[in-house]
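K.L.:
Once you've had a glance at the structure underneath, I'll fire off some questions.
Here, each number is a calculation from the coordinates, and none is a lab measurement. Keep in mind it's a predicted model, so treat the numbers as computed, not measured. Counting neighbours? That spans all protein chains shown, and the Cβs are built from the backbone with ideal geometry, glycine included.
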Amino acid sequence: MPGRSIDRFIEDRRARWARLGDLLERAQGRVARLGPDDVLELGTLYRSATSDLAAAQRDFPRDAVAERLNDLVATAHALVYSEAPTSGRRLGRFIARELPASVRAAGPFTIVAALLLFGPALATYGLGMLFPDIATSSLSEATRDHLVHRRPGAEIAEADRVVVGPLIIANNIYISVLAFAGGMTLGALTRCSPAAATPAR
């Protein structure tokens, strides 16, 4: 029974594997050597072969078909995910055509995001200008008095400014780099540290 199941497994898929091998031989490591229809077929056959390989490794891990199929999938993977060489023409096409097209395609989403980000701030500013009493009442009397009489930099003693100034600049640079790195790593590096907890001035 196991032998028959292996034979049936191979017989049902032999034609697909042979066609994939033929495309790999014709490509000789470069997708550009294949026509558009062949490239689409290559992708379809590669996905089918990866599924066949998973089934073979599960059901027939000790049979030679799993090893041969693994070699076929590895060769196809190298071709399917091969990177095209970078060229000035390709870079120019990306800047002149592909990038503007992507920006235009994302235009409606960008506008909605900008409205959601800046809309409330602009609405709050407009209401504050139209109704100053409402804007003033949002702060306590002590806070309003502090803001009116506050002189920037007065909270740091003049004798300490020579030392504290560079520390504040270094801290702000550190926070900026940390925030940038946290964004680039999807928040993996975002953390609260003693320096990051110090407010920027």
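K.L.:
Could you work out [θ]222 nm for the chain from helices alone, using -39500 (n - 2.57) per DSSP H run of at least four and dividing by all its residues? Round to the nearest 500 deg cm²/dmol.
P.N.:
Dividing the helical sum by the residues of the chain leaves -24000 deg cm²/dmol.
K.L.:
Among (i) 18.8, 59; (ii) 31.8, 92; (iii) 15.7, 49, only one was calculated for this model; which label is it, if the read-out is Rg and Dmax of the Cα atoms in Å?
P.N.:
Identified label for the calculated read-out: (ii).
K.L.:
Highest first, please rank the peptides 129-135, 54-60 by the mean number of other Cβ atoms sitting within 10 Å of their residues.
P.N.:
Peptide ranking by packing, descending: 54-60, 129-135.
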